[in-house]
Amino acid sequence: YRDITQRKQAEHALHEEKELAQVTLHAIGDAVVRSDEAGYIQYMNPVAEQLTGWSMEDATGRHLDAVFRIRGETGSDPVAFPVGRCLRDGEVVEEAEHAVLVSRDGSEFAIEACAAPIRDRNRGIIGAVLVFRDVSERQRAVREMAFQASHDALTGLHNRYEFESRAGKMLDHAHSSEQRHTMLYIDLDQFKVVNDTCGHPAGDELLRQLGSLMRTHIRDTDT
């Protein structure tokens, strides 16, 4: 009788521990996916469902690479799958570069991802846990700051600091590779007259239109 009671108490404690773990995974802000040792999904928390576009019911039993579809940030080529490397090498794998998660409906999110092996008491790998988060807003803020730091707010053209930086690199490149580059100097004749007679808003508008016009006549690789 005592053995049965102890077993029931142990089962109850194990059940409570499992419930607590499930509640914790549901509550955290990162997306969490658990797979078996072959990479087939066993569990997804609500954040993972939201980002991947797959419900846990639909995703359970499917291979991770069918649900967690990622590509490189600058192209359409797929990137190395973190869980596959994690299961193969038995080590924690973090994506050094930002990847883009392609959701089930085609939506895309910039993410950071980390995969870790799950081991049994004998240190054997019995699965993996994948944790990832949406960093799209942070990426947009970084790109916006970088753009503002290198571009003129009025015209959208590269500012003086960026021009000097690029000119210096071109000079170094010309010296090291014996290639030629060309600089064209344009003077806006009597631009001051526009400002004096029509006001600075008109002068600003003229600069904006000239900047837009020049962009249509140069290559993307030009400054």
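The values are calculated or read from the model by the stated rules, or taken from the named source; none is laboratory data. Note that the structure is a prediction, hence the values are computed from the model and not measured. No Cβ is skipped: glycine too gets one built from the backbone with ideal geometry, and neighbour counts run over all protein chains shown. Remember, those area values only see protein heavy atoms, side chains included, never the ligands or the DNA or RNA. Shrake-Rupley method; radii C 1.70, N 1.55, O 1.52, S 1.80 Å.
Find all pairs meeting these conditions: Cβ atoms under 7 angstrom apart; at least six residues apart or on different chains; first residue within the range 22-37 and of a type outside the set (Asp, Glu); second residue at pLDDT below 60.
VAL32/LEU25
Residue check: is ARG180 touching an Asp or Glu at 6+ places or on another chain (Cβ under 7 Å) and open to solvent by 90 Å² or more (accessible area, probe 1.4 Å)?
no
Residue by residue, here is whether (1) in contact with a His (Cβ under 6 Å, 6 or more places away or on another chain); (2) modelled with pLDDT of 90 or more; (3) surrounded by fewer than 19 Cβ atoms within 10 Å (Cβ to Cβ); (4) over 23 Å from ARG138 (Cα atoms) holds:
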{"residue": "ALA31", "(1), (2), (3), (4)": "no, yes, no, no"}
{"residue": "THR60", "(1), (2), (3), (4)": "no, yes, yes, yes"}
{"residue": "ASP77", "(1), (2), (3), (4)": "no, no, yes, no"}
{"residue": "ARG88", "(1), (2), (3), (4)": "no, no, yes, yes"}
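Kindly indicate which of CYS114, CYS86 is touching a Phe, Trp or Tyr at 6+ places or on another chain (Cβ under 8 Å) and at negative phi.
Only one candidate qualifies: CYS114.
If we scan the range 150-167, do we find a residue that is over 29 Å from ARG208 (Cα atoms) and either β-branched (Val, Ile, Thr) or surrounded by fewer than 11 Cβ atoms within 10 Å (Cβ to Cβ) (or both)? Reasoning before the result, please.
At the first step, the residues of the range 150-167 found to be over 29 Å from ARG208 (Cα atoms) are none.
No, every residue in the range 150-167 fails to be over 29 Å from ARG208 (Cα atoms) and either β-branched (Val, Ile, Thr) or surrounded by fewer than 11 Cβ atoms within 10 Å (Cβ to Cβ) (or both).
Kindly indicate which of GLU112, GLU137, GLU162, GLU205 is more than 30 Å from GLY72 (Cα to Cα) and of a type in the set (Asp, Glu).
That would be GLU205, the only listed residue that is more than 30 Å from GLY72 (Cα to Cα) and of a type in the set (Asp, Glu).
If you scan the range 111-141, which residues turn out to be closer than 14 Å to ASP89 by Cβ, open to solvent by less than 40 Å² (accessible area, probe 1.4 Å) and aliphatic (A, V, I, L, M)?
ALA115, ALA116, ALA128
Determine which member of the set ALA141, ALA99 is without any contact (Cβ under 8 Å) to a residue 24 or more places away in the chain and among the small types (Gly, Ala, Ser).
Selected residue: ALA141, the only one of ALA141, ALA99 that is without any contact (Cβ under 8 Å) to a residue 24 or more places away in the chain and among the small types (Gly, Ala, Ser).
Does any residue in the range 180-196 that is without any contact (Cβ under 8 Å) to a residue 24 or more places away in the chain come within less than 7 Å, Cβ to Cβ, of a residue that is open to solvent by less than 100 Å² (accessible area, probe 1.4 Å) six or more places away or on a different chain, and which pairs are these?
ARG180/ALA174; HIS181/MET170; HIS181/ALA174; PHE191/GLY203; VAL194/ALA202; VAL194/GLY203; VAL194/LEU206; ASN195/GLY203
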